[in-house]
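Student: Provided herewith is a single structure, encoded as structure tokens, for subsequent inquiry.
The values are calculated or read from the model by the stated rules, or taken from the named source; none is laboratory data. Note that the coordinates shown come from a computational prediction; the quantities given were computed from them, not determined experimentally. Cβ coordinates were reconstructed from backbone atoms using ideal geometry, including for glycine residues, and neighbour counts include every protein chain displayed. Side chains are part of the model used for accessible areas, which takes the heavy atoms of the whole protein and leaves out ligands, DNA and RNA. Shrake-Rupley method; radii C 1.70, N 1.55, O 1.52, S 1.80 Å.
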Amino acid sequence: MGDATASSSSKTAELDAPLHALGFEIQEVSPSRLTGRLLVTPTCCQPFKVLHGGVSALIAEGLASMGAHMASGYRRVAGMQLSISHFRSAGVGDTVLARAVPVHIGRSTQVWEVKLWKMDTSTQGEGPQIAEARVTLLSNLPVPDDMKSAGEPLRKYSKL
């Protein structure tokens with residue numbers, strides 16, 4: 001079902017407008033794993049020109065919420081708790097890689113782990129870990145009638 005021809009930017013625009021506005025690019029989309037990347041620009045930095053912790057939290061909640069929505073069978077989800085630890089900074093010009101995976105998928109709640117790394121420029125892979133988050137979501141909420149199409153972009157890009 002995945003749309004391999006869509007650019008990461010247009011995919012992100014459809015899936016999560018706030019992440020798209022910051023330049024985040026969603027790559028993998030499935031109920032068991034979401035990944036993406038962000039080029040750190042002045043827009044997403046705090047005054048000391050390093051990635052703002054709130055941006056890391058936004059990435060964590062965004063990816064976990066998309067994953068939980070898919071894993072729940074496209075029921076409405078709502079964040080209950082977000083806990084994030086920051087280990088290192090990422091500065092302007094760095095690329096941050098992110099990965100979200102489920103820790104627990106229950107009937108009414110889900111817990112997702114989201115890790116962020118500074119990209120290793122020599123391998124284009126994960127370098128030093130910069131943050132780790134745990135997101136707990138309520139995942140058994142009914143979808144209102146006027147929002148039934150809310151999951152369509154995820155269905156379009158999901159690799160089940």
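Student: Would you be able to say whether some residue in the range 63-80 is modelled with pLDDT of 95 or more and under 15 Å from Leu38 (Cβ atoms)?
Tutor: Yes: one or more hits.
Student: Return the total of residues in the range 40-80 being touching a residue at least 60 places away in the same chain (Cβ under 8 Å) and of a type in the set (A, V, I, L, M, F, W, C).
Tutor: Going through the range 40-80 one residue at a time, the tally reaches 10.
Student: If I ask for residues that are open to solvent by 30 Å² or more (accessible area, probe 1.4 Å), hydrophobic (A, V, I, L, M, F, W, C) and under 14 Å from the mean Cα position of the chain (by Cα), which ones from the range 16-39 would you list?
Tutor: The answer is Ala17, Ala21, Leu22.
Student: Give all pairs with beta carbons closer than 6 Å in which a residue from the range 141-160 that is in a helix (DSSP H, G or I) meets a residue that is surrounded by 13 or more Cβ atoms within 10 Å (Cβ to Cβ) and among the acidic types (Asp, Glu); count only pairs at least 6 apart in sequence or on separate chains.
Tutor: Here the result reads Pro153/Glu14; Lys156/Asp3; Tyr157/Asp3, each pair linking the range 141-160 to a residue that is surrounded by 13 or more Cβ atoms within 10 Å (Cβ to Cβ) and among the acidic types (Asp, Glu).
Student: Would you be able to say whether some residue in the range 98-118 is without any contact (Cβ under 8 Å) to a residue 40 or more places away in the chain, over 20 Å from Ser32 (Cβ atoms) and open to solvent by 50 Å² or more (accessible area, probe 1.4 Å)?
Tutor: There is at least one residue in the range 98-118 that is without any contact (Cβ under 8 Å) to a residue 40 or more places away in the chain, over 20 Å from Ser32 (Cβ atoms) and open to solvent by 50 Å² or more (accessible area, probe 1.4 Å).
Student: Another question, if that's okay. Looking at this structure, is Pro42 more than 23 Å from Glu132 (Cβ to Cβ), surrounded by fewer than 17 Cβ atoms within 10 Å (Cβ to Cβ) and at pLDDT 95 or above? Before the answer, list the steps.
Tutor: On the way: more than 23 Å from Glu132 (Cβ to Cβ): yes; surrounded by fewer than 17 Cβ atoms within 10 Å (Cβ to Cβ): yes; at pLDDT 95 or above: yes.
So Pro42 passes the test.
Student: Sticking with this structure for a sec: Can you tell me which residue in the range 139-159 is surrounded by the most Cβ atoms within 10 Å (Cβ to Cβ), limited to those that are closer than 18 Å to Ile105 by Cα and over 17 Å from the mean Cα position of the chain (by Cα)?
Tutor: Applying the filter and picking the extreme gives Asn140.
Student: So, in the range 121-138, exactly how many residues are in a strand (DSSP E or B) and either open to solvent by 50 Å² or more (accessible area, probe 1.4 Å) or in contact with a helix residue (DSSP H, G or I) (Cβ under 8 Å, 6 or more places away or on another chain) (or both)?
Tutor: Step one: filter the range 121-138 for residues in a strand (DSSP E or B), giving 125-138.
Applying the additional criterion that residues be either open to solvent by 50 Å² or more (accessible area, probe 1.4 Å) or in contact with a helix residue (DSSP H, G or I) (Cβ under 8 Å, 6 or more places away or on another chain) (or both) yields 126, 128, 130-135, 137-138.
Adding up the residues that qualify gives 10.
Student: Residues to consider are Ala60, Ala78, Ala71; find the one that is crowded, with 19+ Cβ neighbours inside 10 Å and either polar (S, T, N, Q) or closer than 21 Å to Asn140 by Cβ (or both).
Tutor: Values: Ala60 fails: either polar (S, T, N, Q) or closer than 21 Å to Asn140 by Cβ (or both); Ala78 fails: crowded, with 19+ Cβ neighbours inside 10 Å.
Among Ala60, Ala78, Ala71, only Ala71 is crowded, with 19+ Cβ neighbours inside 10 Å and either polar (S, T, N, Q) or closer than 21 Å to Asn140 by Cβ (or both).
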